[in-house]
1. Among the residues that make up segment 134-141, is at least one of them at positive phi and away from the ligand (no atom under 16 Å from the Cβ)?
2. If a residue must be charged (D, E, K, R) and within 28 Å of Val136 (Cβ to Cβ), how many such residues does segment 333-391 contain?
3. Can you tell me which condition Thr372 does not meet? The list is (1) farther than 28 Å from Ala240 by Cα; (2) in a loop (DSSP other than H, G, I, E, B); (3) of a type in the set (Ser, Thr, Tyr), and all the others hold.
4. For segment 121-147, enumerate the residues that are outside any strand (DSSP E or B), more than 22 Å from the chain's Cα centre (by Cα) and free of Cβ contacts under 8 Å to residues at least 12 places away in the same chain.
5. Can you confirm whether segment 173-184 contains a residue that is part of a loop (DSSP other than H, G, I, E, B), at pLDDT 95 or above and away from the ligand (no atom under 14 Å from the Cβ)?
6. For Trp35, are the conditions met, namely being touching a strand residue (DSSP E or B) at 6+ places or on another chain (Cβ under 8 Å) and either hydrophobic (A, V, I, L, M, F, W, C) or part of a strand (DSSP E or B) (or both)?
Amino acid sequence: MKYNFSTIIDRSNTSAIKLERLSSIFGNAQALSMWVADMDFATPPFIINRLKQRLDHPILGYTDADNEYNNAIVGWLSNRHGWEVQPSWLSFAPGIVAGLNHAVQAYTQPDEKVLVQTPVYHPFFYAINNNGRELVKSPLTYNKNFYSINFYALEEEMKKGVKLFILCNPHNPVGRVWTRDELTKMAEICLKYDVTVISDEIHADLIFKPHKHISFASLSPQIAEKTITFGSASKTFNIAGLTSAYVVISNPDMLKTYNRQVELNGTGHGNIMGYEALKAAYSSDGQIWLDQVLEYIGENIKLVKEYLGANIPKLTMVDPEGTYLLWLDFRAFGVDQPELIRMLTRDAGIALNDGQMFGSDGTGFFRMNVATPKSNVQEALERLKKVFGSL
Ligand SMILES: Cc1ncc(COP(=O)(O)O)c(C=O)c1O
């Protein structure tokens, strides 16, 4: 491998949320931190170099998304995902969470229904609740360590007047990379009931073979007309601190509505460093780095699976098809959530996301981030074994 992902990089004194909030959230500042979804790997050198080059210019004033930036996005979506988009379909978001809020405000009115598939990335709930919209949960079905969609139940909810559907594609935290068949069935239901779709595709690049990411809007011109897609280089290349994301909307009226909301919120200006980083990331260097990081993360996932099978068979893992987030099922221990939290943070000294933050169907589950050097994963597994191995 050309790149080194094994070195432990000290993140202390960088105000990294993953470390700074250990004490306030987990009550254990020394816990092994495997919660927040960023990587413990160095941001790729070709991105850092590009940022340094930009700093050679003495002025960091207001800056637009230029052609090079837009073309980098268009090229990446085409090369990596086979999705052909036009530069004129692009808009900006200062992070996807901000963009989700803009979109909820733009495409729905107070009290209208917005549907999500639980368990799901918790800021989806906030974007709906905080904006005074009605949250509709359509739970995923969990069977034999695998999550699938109950299309009947989904349609029953859509029938009742859902206005907007926030799709997590691929899905955090359960690691599903939705298939063409699944996406097509969801699209058919949305078209039937005239539901607008936000497809959050932040994890689109983090896919393990043979799975393949398919952009929801790429399914058909009809569904593209009803869809707004969020993408970002942040998760893939570990640049989340640059708070920069993009939006793809092919329907000109929907794009206008989105842009008007951005204007109302005064959030239309991007961050110079976000623009520069994306230009460096969405390149041939980026393709090589990404393939290598995926191989490394894939080995970490294999390590977890084999270790749990051999040492803590009651603790099972949902095989992720994408994302670097493992969804661990502790339910076989028969211990309630507060006690599981204590066992993990106090006894094992590991900080994992409490599954309940992703919805009540996350009870008994915890999310573990394995975009970290293998030695950290090994350490976490040994700590888990000490606490759960003999139960
Ligand atoms: C599905 C999903 N959307 C959005 C985000 C965050 O996006 P941003 O940092 O651009 O707000 C995350 C981060 O974990 C995520 O998992």
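1. There is no residue in segment 134-141 that is at positive phi and away from the ligand (no atom under 16 Å from the Cβ).
2. Going through segment 333-391 one residue at a time, the tally reaches 4.
3. All conditions pass for Thr372, except number (1).
4. Residue satisfying the conditions is Lys144 alone.
5. Yes, some residue in segment 173-184 is part of a loop (DSSP other than H, G, I, E, B), at pLDDT 95 or above and away from the ligand (no atom under 14 Å from the Cβ).
6. The answer is yes for Trp35.
Table: residues versus (1) more than 23 Å from Ser23 (Cα to Cα); (2) under 26 Å from the mean Cα position of the chain (by Cα); (3) not assigned by TED's automatic domain parsing to the domain that holds Trp178.
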{"position": "Thr316", "(1), (2), (3)": "yes, yes, yes"}
{"position": "Phe330", "(1), (2), (3)": "yes, yes, yes"}
{"position": "Gln337", "(1), (2), (3)": "no, yes, yes"}
{"position": "Met343", "(1), (2), (3)": "no, no, yes"}
{"position": "Phe358", "(1), (2), (3)": "no, yes, yes"}
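Table: residues versus (1) at pLDDT below 95; (2) surrounded by 13 or more Cβ atoms within 10 Å (Cβ to Cβ); (3) not in a helix (DSSP H, G or I); (4) not assigned by TED's automatic domain parsing to the domain that holds Leu183.
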site: Arg54; (1), (2), (3), (4): no, yes, no, yes
site: His102; (1), (2), (3), (4): no, yes, no, no
site: Ala106; (1), (2), (3), (4): no, yes, no, no
site: Pro119; (1), (2), (3), (4): no, yes, yes, no
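The values are calculated or read from the model by the stated rules, or taken from the named source; none is laboratory data. All figures in this text were calculated on a predicted structure; none of them were measured in a lab. Note that we place each Cβ from the backbone using ideal geometry, even for glycine, and neighbour counts take in every protein chain shown.
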